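Since the structure comes first, as structure tokens, the remarks are kept for the end.
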Amino acid sequence: MEGGIGAIEIELLRAGMGRAVNVELTPTYESAASELILEAGLGDRVERRVMNFTEADTSVEAADVVVMNRVICCYSDMPKLASAAAVRAKGMLVMSFPNYRLWTRLGLTIVNLVFRVIRMQFRVFLHPPVRILAAVEQRGFKTRLNQPGLIWQIVALERTPGGAQ
């Protein structure tokens, strides 16, 4: 599972993953994503859904790997989103989100101010990484990779044997 245009899922499918389910909150990317999937010849292995992932019922099945690339910063209720992802990740949960550094906080404050001035409803949320990891680890995951970059931080968590869902 991943959101957005689906570039990561396409690469994972090319690398041998069997199928992908992409859950996206808004239909903004659907046209471009469909075109990209068809160009890659993977239309029969990708299912795209437009819905609020945190409110998804059992129709969104658990997956071996759940990817949330630059998604957490788009959602105000981070614990709810992280929990929804952890519940559906049978093996690995991979996430990227903005680092919690001074320049990131300043930059996102300016971005949100601009959004407000131009009357755009969308906001970017900067959640402390320690809280993001805690929200997932309490669901039975252990952090296997935690790689902070200049702006983005990438983490990979693995469900521990007997880890709660």
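The values are calculated or read from the model by the stated rules, or taken from the named source; none is laboratory data. All figures in this text were calculated on a predicted structure; none of them were measured in a lab. A quick note on method: Cβ atoms are made from the backbone with ideal geometry, for glycine too, and the neighbour counts reach across all protein chains shown.
Some points to look at:
- Single unsatisfied condition, Ala7 versus (1) within 22 Å of Arg88 (Cα to Cα); (2) surrounded by 14 or more Cβ atoms within 10 Å (Cβ to Cβ); (3) among the aliphatic types (A, V, I, L, M): (2)
- Selected residue (criterion: nearest to Ser83 (Cα to Cα)) from residues of region 36-60 that are in contact (Cβ under 8 Å) with a residue 40 or more places away in the chain and aliphatic (A, V, I, L, M): Val60
- Any chance Arg116 is out of contact with any helix residue (DSSP H, G or I) (no Cβ under 8 Å at 6 or more places or on another chain), without any contact (Cβ under 8 Å) to a residue 12 or more places away in the chain, over 25 Å from Pro148 (Cβ atoms) and of a type in the set (Lys, Arg): yes
- The set of residues in region 56-80 that are among the charged types (D, E, K, R), over 15 Å from Leu157 (Cβ atoms) and at pLDDT 90 or above comprises Glu61, Arg70, Asp77, Lys80.
- Yes/no for Tyr29 being under 20 Å from Ala135 (Cα atoms), without any contact (Cβ under 8 Å) to a residue 60 or more places away in the chain and of a type in the set (Phe, Trp, Tyr): no
- Thr58 surrounded by fewer than 18 Cβ atoms within 10 Å (Cβ to Cβ), closer than 30 Å to Leu13 by Cα and more than 15 Å from the chain's Cα centre (by Cα): yes
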